[in-house]
1. Can you tell me which of 42, 68, 60 is outside any strand (DSSP E or B), touching a strand residue (DSSP E or B) at 6+ places or on another chain (Cβ under 6 Å) and closer than 29 Å to residue 209 by Cβ?
2. Which condition from (1) outside any helix (DSSP H, G or I); (2) under 15 Å from the mean Cα position of the chain (by Cα); (3) at pLDDT below 95 is the one that residue 168 breaks?
3. Being modelled with pLDDT of 95 or more and within 26 Å of residue 126 (Cα to Cα) is the filter; apply it to the range 197-212 and report the residue that is surrounded by the most Cβ atoms within 10 Å (Cβ to Cβ).
4. Which one of the conditions (1) touching a helix residue (DSSP H, G or I) at 6+ places or on another chain (Cβ under 8 Å); (2) assigned to a strand (DSSP E or B) does residue 143 fail to meet, given that it meets all the rest?
5. In the range 150-184, what count of residues is obtained for those that are under 20 Å from residue 206 (Cβ atoms), crowded, with 18+ Cβ neighbours inside 10 Å and touching a helix residue (DSSP H, G or I) at 6+ places or on another chain (Cβ under 7 Å)?
């Protein structure tokens, strides 16, 4: 009798595991590219409406360097700078206003009120609302730059999606206001920080693609 019960439990477990959907694939993203326009396609296969952040800049790493980003700046120069900036007027205005308000209040709290309104193009995060079983496409402008003199160079660049889960759990400057936003009462909607990347984006880029 015990053996029969054990066999039935094993069969039930195997059946249940096969039927149960994977939670980590319920909210996902895929990329598409059309020349210098990138589209990030989100899909919400959960049973809830969701609120989620996206980075205003998509960062790309060069396979020849260990850096997360090749955007460049005062800290580091790269043979080619590759990044993408979100196009205007796509976020949820209602929730974006809440996030911006929390960010401004936090900057004031830590004595950095002078930075309010001084954001550069591509700084920060945008917030979106996506219904259960819905899809949403967010457009970015792909930037490929090489400083003069133009030198021959080519490499493979990988899009490194912003690690929201890590930022929310760690000690990062932007982590605190994102944490505060994530704890708001969204009613019947749920805050989800990190989508599953269904297909990573790799771009083969050379000096011929730059400065267009």
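1. So the residue among 42, 68, 60 that is outside any strand (DSSP E or B), touching a strand residue (DSSP E or B) at 6+ places or on another chain (Cβ under 6 Å) and closer than 29 Å to residue 209 by Cβ is 68.
2. Answer for residue 168: the failing condition is (1).
3. My answer is 201.
4. So the condition that residue 143 fails would be (1).
5. Matching residues across the range 150-184 total 0.
Here is a yes/no grid of residues against (1) surrounded by 13 or more Cβ atoms within 10 Å (Cβ to Cβ); (2) within 28 Å of residue 203 (Cα to Cα):
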{"residue": "91", "(1), (2)": "yes, yes"}
{"residue": "97", "(1), (2)": "no, no"}
{"residue": "108", "(1), (2)": "yes, no"}
{"residue": "113", "(1), (2)": "no, no"}
{"residue": "118", "(1), (2)": "no, no"}
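The values are calculated or read from the model by the stated rules, or taken from the named source; none is laboratory data. Because the structure is predicted, anything quoted here is derived from the model rather than measured. Quick reminder, even Gly has a Cβ in these numbers, built from the backbone with ideal geometry, and neighbours come from all protein chains shown.
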